[in-house]
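The structure appears right after this line, and notes come after that.
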Amino acid sequence: MPRSIWKGPFVDGYLLKKAEEVRASGRNDIIKTWSRRSTVLPQFVGLTFGVYNGHKFIPVLVTEDMIGHKLGEFSPTRVYYGHSADKRAKRESD
């Protein structure tokens with residue numbers, strides 16, 4: 001269920017503060033964050049976030065297409081190796 005419109009998008013306060021500091025400094029630093037639940041705002045466009053996926057920080061360069069989505073959507077937490085049965089069938093047919 002989506003968040004109520006009247007509440008506005010959720011962003012952790014410290015994340016907004018860090019983004020403003022990086023934008024003001026002019027440097028292109030990676031902003032490390034564990035806040036996968038934060039919504040991407042227009043102020044974040046052009047910044048690089050290191051989004052934690054439970055194992056390591058995945059660098060995510062924010063573009064205009066990402067506005068309104070959550071940071072966690074761009075940092076997958078699971079690795080899919082495929083179905084082992086499919087690999088076995090392919091190996092047998094060769």
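Here, each number is a calculation from the coordinates, and none is a lab measurement. In this text the structure is predicted, and so the values were computed from the model without any measurement. Because the Cβ atoms are built from the backbone with ideal geometry, glycine has one as well, and the counts that use them run over all protein chains shown.
Annotations
- Pairs linking a residue in the range 7-18 that is farther than 12 Å from Thr39 by Cα to a residue that is among the basic types (Lys, Arg) and surrounded by 11 or more Cβ atoms within 10 Å (Cβ to Cβ), with Cβ atoms under 9 Å and 6 or more positions apart or on different chains, are Lys18/Lys32.
- Unmet criterion (only one of (1) closer than 20 Å to Tyr14 by Cβ; (2) loosely packed, with under 11 Cβ neighbours inside 10 Å) for Ile31: (2)
- Within the range 67-87, the residues that satisfy the criterion of being touching a residue at least 24 places away in the same chain (Cβ under 8 Å) and of a type in the set (A, V, I, L, M) are Ile67, Leu71.
- Just one residue in the set Gly50, Gly68, Gly46 is surrounded by 10 or more Cβ atoms within 10 Å (Cβ to Cβ) and closer than 21 Å to Arg3 by Cβ; that residue is Gly68.
- If you go through the range 49-80 and pick out every residue that is under 10 Å from the mean Cα position of the chain (by Cα) and of a type outside the set (Lys, Arg), you end up with 19.
- Residue count for the range 53-62 under the criterion of being surrounded by 12 or more Cβ atoms within 10 Å (Cβ to Cβ) and either free of Cβ contacts under 8 Å to residues at least 24 places away in the same chain or among the hydrophobic types (A, V, I, L, M, F, W, C) (or both): the result is 5.
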